[in-house]
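Let me begin by presenting the structure, written as structure tokens, before commenting on it.
Read-outs throughout are calculated quantities, based only on the coordinates presented, and are distinct from any laboratory measurement. In this text, all values refer to a predicted model and were calculated from it rather than measured experimentally. All Cβ positions, even for glycine, are placed from backbone atoms using ideal geometry, and neighbour counts span all protein chains on display.
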Amino acid sequence: MVGVQTLGVSDATREQLNATLRRDGYGLHGISGSYQFVDRPSWFAPTSTVVYYAKQALPAAEKLADEMKKLTGAEFAVQQGAGRGAGVDPSDRDVVLFVHYLKK
């Protein structure tokens with residue numbers, strides 16, 4: 001399950017990314033949003049990043065980072081999320097990934 005968060009990207013672009021990921025077999029998390037730089041949330045990664053929460057989700061996060069690079073042309077870091085992750089149920093930590101995509 002993937003939640004796409006964007007910064008400096010139009011909502012339409014985020015929705016297009018969601019549609020492409022769904023078409024490619026990913027489930028979509030209910031938390032997905034577009035933000036502008038003036039409204040940057042404090043939790044947003046400093047660079048484009050795929051965040052995972054359980055060690056066993058690392059291979060899926062790396063695969064998603066490659067997919068996001070193909071879709072956007074941007075490099076994506078892969079990072080384990082700190083703490084429990086906002087909106088991530090403990091029983092879902094092994095299947096939930098969040099994408100933080102920053103347009104430069």
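A few comments on the model shown:
- In sequence order, calculated HN-Hα J values of region 47-58 (Karplus, 6.51, -1.76, 1.60; Hz; x Gly/Pro): 9, 4, 8, 9, 9, 10, 10, 10, 3, 5, 8, 4
- Expected 222 nm ellipticity per residue - DSSP helices of 4 or more, -39500 (n - 2.57), all of the chain, to 500: -8500 deg cm²/dmol
- From the coordinates shown, Cα extents along the principal axes in Å corresponds to which of [x] 115, 73, 24; [y] 32, 30, 23; [z] 55, 27, 17: [y]
- Under 18 Å from the Cα of K69 - aspartates and glutamates, other chains or at least 8 residues apart: E15, D24
- Cβ-based exposure ranking for M68, M1, in which fewest neighbours within 10 Å come first: M1, M68
- Multiplying the residue separation of Q16 and L28 by 0.36 nm and subtracting their alpha-carbon distance yields 3.1 nm.
- For H100, H29, the sequence from fewest to most other C-beta atoms within 10 Å is H29, H100.
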